[in-house]
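Here's the structure we're looking at; comments come further down.
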Amino acid sequence: MEIEPGGLFAGYRVLSALGAGGMGTVYLVEHPHLMRREALKVISASVADPAARERFVREARSAAALRHPGIVGIHDFGIEAGSPWFTMDYLPGVDLQDAGRLDVGEAAHVIARVAAALDYAHSRGVVHRDVKPANILITRTDAGDIDDVVVLDFGIAKALDEQTGLTGTSVFIGSLAFGAPEAFRGEVVGPPADQYSLAMTAYRLVTGALPFAGTTPHELMRAHLFDEPRPISAGDPRLGPLDSVLARALAKDPEHRFATCTDFADALSEAIRTCRASTAQTLRAPLPPVPESINTAAHPTVLASPPAPAAPAKKRRPWQIGAAIGAALAVVVAVGVGLTLGLGGHAAESVTASDSSAKPLGSVVPSVVSAGCAIAGGSAFCWGENKYGQLGDGSTKNSPTPVEVAGLTGVTAIGTGDVHRCAVADGKAYCWGYNGDGRLGTGNLADGAKPVEVVGLSGVTAISAGYDHTCALSDGQVYCWGVNQSGQVGTGKNSDSEMLPVRVAGLPGPVTSISAGARRSCAVASTQVYCWGQNLDASSDPSTEDPSPVIVAGLDRVSEVSVGTDHVCALAGGVVSCWGNNDMGQIGVGSETPRSATPIAVPGITQATQVSAGGGSSCAVVAGAAYCWGFGGNGQLGDGVGGGTSPPVRVTGLGDVTQVAVGGNFACGLAGGVAYCWGVGDDGQLGDGSQKNSSVPQRVALARS
């Protein structure tokens, strides 16, 4: 709801609007009796449901009960015209996302102050769960010294002893770049998670970088789960004494970290004191941007202008506290938001870009590639067959070179199905191409040669186009639509088709990967694989179909799943396991053995970072190289040979590979920032301008006309 300055809201006189974010609007207000200026936040959604209203009150009281000089205080809260609101301190300052210029001594001081605030909250049964530089505000004296250090956003904290409330313990609501591994695993998040995030923050304050490589959400999540942090001394040998301290605070197992945040801060300060004098240097450059949150809505600005500092004025970073109080505030975000998602069979894959919208629009350097499409400069490009308008340029003419998809900007994810394509742009889902069975999600059967918006979805972060149906991640929930004869839409029953998105029930915890293939769909939820639709361990008899999600036994701590035409592959701890049909060797055991009802680890594939299952073949990224296995008779293994069934072979000529995507009879990859395709190319699927098959990768001719 909008409030005009000069009016009254909940008894407060509204002075001005300070800023708006995805969860509400913050106003500068004056207390009716104390004549004190405060910041008042009005939450976007209502809490008409009595249970939601009760949760809002409980969470607000939990946050307001925290009284510590290092925590911004909440003064009052209530519900006005169905909208929850609360007031908080209105302070001058700048958050550490934009502060820059911290030397190691200042960093140690800040970490110690924050640690004290966190330990205080922990002693009262409250965990922050979103510790990061943007949630730490500092003020400086006229002399330039750090004065106040205040932790923000304790409103999304959760009482430890509550078993019900705004957010479940298995839901990760923190920020991806700073989140603890246990949050991604769907485990109970306690004080050690705050310590982990505080250590990540310390690393960044000292170095201006993060200890894990990766620019996409999928890469960052996998790094938190499986990779060892880069020693801080690798960037500056003088900081060697900090290595062991940070390594302990960043341990994958919460029990291996320090007992308290203060213990970590004390060890960090001691390590800094033992560094050589030259270690205490000032970081003169502003801290580089890092992907902060899987919820990309901007925080509202509630900062007063501080006294002019001696240094040039810095951009003020928005902040808020209590931003997730109440049911209306609950952004139940799966860690899969913005992740590389299921790369399904018969050109059924979905991959997700890091934010490329900031790149110059003239750039056509791809950030994501799928089988027959790519994202570059925030736009989508597709190539190959176009009988049903699946290239999205408004025509039905085939193109052996990429054409720009009409009308889409800010594209962050794209999925290519058999004869339709889908993408995520500015948080909305769009599909185009063939729609005879409702796979475009428009509620009708009209084909679309240009993108049309999928009905009823908001906050979309990932999408996977299957053979004849589609799935997407919207506001942390999985929705599917299209053909449902095998139960692949996940409605709990079979039907001819569903022309509008239907929420898939029965998936626990955060969803980190989705994939729609042929006659089935799968997702990773709480690091476990769940599938629905036609079973892969029996015939196509209806009695062997599961129209609701069923857990796949034998896999744990899974980060990605990919559904092919008749097989599925999953990635867990660098190991790829596949199951289902193997008549072309597509599950990777090196022979055409009968189908496997249970996952089998692909021999020789370790340290994998991504996997894609297609028609009769599969591919994975392993240590910067691409490996493929299965049927290669038309060159789709990319090994330069071409032939029958094969165990994993390295794709020739590609290095620095970050992505692979397998279609029905061809595959594509992203290597060194360049898109390549190989395999069948008679309809221009390889995107190199030819209509020929190739057993070696061909560079996709990306260029904006």
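Every read-out reported here was derived from the displayed coordinates using simple, explicitly stated rules and does not represent laboratory data. Because the structure is predicted, anything quoted here is derived from the model rather than measured. Positions of Cβ are generated from backbone atoms using ideal geometry, with glycine treated the same way; all protein chains shown enter the neighbour counts.
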**Message:** Please report, in whole Å³, the volume per residue of the convex hull around the C-alpha atoms of segment 349-699.
**Reply:** 109 Å³
**Item:** Relative packing of 520-533, 381-394, 3-16, 118-131, which averages over residues the other C-beta atoms within 10 Å, highest first
**Value:** 520-533, 381-394, 118-131, 3-16
**Request:** Check cross-link reach from Lys493 to the aspartates and glutamates: straight Cα distance under 18 Å, and skip same-chain residues fewer than eight apart.
**Result:** Asp437, Asp468, Asp541, Glu545, Asp546
**Message:** If I take the Cα coordinates of segment 388-433 and project them onto the principal axes, what are the three extents in Å, biggest first?
**Reply:** 29, 19, 15
**Asked** So for the pair Ala446, Arg37, with labels modelled 7 Å out along Cα→Cβ, what separation do we get in nm?
**Response** 5.3 nm
**Complete:** Looking only at aspartates and glutamates whose Cα falls under 16 Å of Lys41's and that sit 8 or more positions away or on another chain, we get Glu2, Glu4, Glu30, Glu59, Asp76, Glu80, Asp89, Asp153
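Let me check against my output: what whole-number percent is the relative contact order of segment 349-699, with C-alpha pairs under 8 Å and at least 6 apart?
Contact order relative to length: 12 percent.
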**Segments 553-561, 139-147 sorted - mean Cβ within 10 Å per residue, highest first** = 553-561, 139-147
**Complete:** For segment 448-511, the dipole about the Cα centre with charges only on Cβ (Lys and Arg +1, Asp and Glu -1), to the nearest 20 debye, works out at 60 debye
**Fill in**
Amide H contacts under 5 Å for Gly384, restricted to residues at least 5 apart in sequence or on another chain and with H modeled in the peptide plane, are Ser399, Thr401
**Request:** Note down the nm distance, to one decimal, between modelled labels 7 Å out along Cα→Cβ at Glu80 and at Glu30.
**Result:** 1.5 nm
**Message:** Suppose the chain between Asp148 and Ala625 were pulled fully straight at 0.36 nm per residue; how much longer would it get relative to their current alpha carbon spacing?
**Reply:** 166.8 nm
**Fill in**
Interchain or sequence-distant (5+) residues whose placed amide H lies within less than 5 Å of the amide H of Leu500 are Gly482
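Just rank Cys628, Cys619, fewest to most, by other beta-carbon atoms within 10 angstrom.
Ordered from fewest to most neighbouring Cβ atoms within 10 Å, Cys628, Cys619 come out as Cys628, Cys619.
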**Fill in**
Least to most buried among Arg257, Arg248, by other C-beta atoms within 10 Å and fewest first, runs Arg248, Arg257
**Request:** Report the extension gain between Ser123 and Lys387 in nm, rounded to one decimal, defined as 0.36 nm multiplied by the number of residues separating them, less their alpha carbon distance.
**Result:** 88.6 nm
**Request:** Mind jotting down the three principal axis lengths of segment 598-673 based on Cα atoms? Whole angstrom, largest first.
**Result:** 29, 28, 18
**Request:** Fewest Cβ neighbours within 10 Å first, please rank Thr645, Thr396 accordingly.
**Result:** Thr396, Thr645
**Asked** For segment 458-534, what is the convex hull volume of the alpha-carbon atoms per residue, in Å³?
**Response** 69 Å³
